[in-house]
Amino acid sequence: LIAVFGFSGWFERLMDRIPASIAAALLAGVLARFGLQVFESAQTALPLVLVMLLAYLLTRRLFARYAVMVTLLAGVVCAVVQGQMQWQQVQWALAMPVWTAPVFSWQACISLALPLFVVTMASQNLPGVAVIRASGYALPVSKLVGMTGIGSLVLAPFGAFSINLAAITAAMCMGPEAHTDPGKRYTAAVWCGLLYMLMGI
């Protein structure tokens, strides 16, 4: 379905009709949940939340490119100091692939695949395209979305069943923090891919 909606041009025509403010609001809706969870965490881990928030605000002001990494590091250090790191729970081992033969069923198609298609298109691809356009990139949206559909189709038997434009990651990789030259910001996406593979292994 994603490939069909992409290559047919239906998705791009829909995007052209949706005001940029609505698409931005969809991205804000995706991000709002993460923002609200900070306050939930503050009820049980106030020192950790405050340290990470302060680290983010300071680093964002001084060294915006490294804000997320410094915030993560500050959180780890705070957890270590508080004795909250449970190193005995960490088991170092290489991830081993497990073959799971795909099985088609109409029940799964209607109850799982269709809702996943709608959620992927509305919460990832649509705001992802909005981020791409807001960042000043004129990419072939139809081909791009179509290729994510083909990628999902080919890689689904291996567990990668929902390849999409990933709105949040797109926003991080396309901002000026990724690179001052818009033509070289793709390197942020390359590094993301390499780090994802490393973490997966």
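The values are calculated or read from the model by the stated rules, or taken from the named source; none is laboratory data. All of these numbers come straight from a predicted model, not from anything done at the bench. When we count neighbours, we look across all protein chains shown, and the Cβ atoms used for this are built from the backbone with ideal geometry, even at glycine. Heavy atoms of the whole protein, side chains included, go into the accessibility calculation; ligands, DNA and RNA do not. Shrake-Rupley method; radii C 1.70, N 1.55, O 1.52, S 1.80 Å.
Per-structure values
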{"quantity": "Of the criteria (1) in a helix (DSSP H, G or I); (2) more than 30 Å from residue 44 (Cβ to Cβ), which one residue 88 fails", "calculated": "(2)"}
{"quantity": "In segment 78-110, the residues that are touching a residue at least 24 places away in the same chain (Cβ under 8 Å) and either touching a Ser or Thr at 6+ places or on another chain (Cβ under 7 Å) or within 15 Å of residue 51 (Cα to Cα) (or both)", "calculated": "78, 79, 82, 84"}
{"quantity": "Test for residue 165: is it under 22 Å from residue 28 (Cβ atoms) and touching a helix residue (DSSP H, G or I) at 6+ places or on another chain (Cβ under 8 Å)", "calculated": "yes"}
{"quantity": "Subset of segment 92-108 (residues that are open to solvent by 80 Å² or more (accessible area, probe 1.4 Å) and either among the basic types (Lys, Arg) or closer than 29 Å to residue 201 by Cα (or both))", "calculated": "92, 93, 94, 96, 97, 98, 99, 100, 102, 103, 104"}
{"quantity": "Yes/no for residue 140 being within 19 Å of the chain's Cα centre (by Cα) and under 19 Å from residue 2 (Cα atoms)", "calculated": "no"}
{"quantity": "Breaking point among (1) open to solvent by less than 50 Å² (accessible area, probe 1.4 Å); (2) in contact with a helix residue (DSSP H, G or I) (Cβ under 6 Å, 6 or more places away or on another chain), for residue 177", "calculated": "(1)"}
{"quantity": "Residue pairs meeting the criteria (Cβ under 9 Å; at least 6 apart or on separate chains; first farther than 14 Å from residue 12 by Cα, in segment 123-152; second at pLDDT 85 or above and among the charged types (D, E, K, R))", "calculated": "135/185; 137/185"}
{"quantity": "Selection from segment 145-169 of residues that are among the aliphatic types (A, V, I, L, M), open to solvent by less than 70 Å² (accessible area, probe 1.4 Å) and assigned to a helix (DSSP H, G or I)", "calculated": "145, 150, 156, 167, 168"}
{"quantity": "Hits in segment 180-195 (condition: part of a helix (DSSP H, G or I) and open to solvent by 60 Å² or more (accessible area, probe 1.4 Å))", "calculated": "182, 184, 186, 190, 191, 194, 195"}
{"quantity": "Candidate set from segment 73-91 (those that are open to solvent by 100 Å² or more (accessible area, probe 1.4 Å) and of a type outside the set (Val, Ile, Thr)); member that is nearest to residue 198 (Cα to Cα)", "calculated": "91"}
{"quantity": "Sole residue being in contact with a Pro (Cβ under 8 Å, 6 or more places away or on another chain) and surrounded by 10 or more Cβ atoms within 10 Å (Cβ to Cβ), chosen from 142, 135, 111", "calculated": "135"}
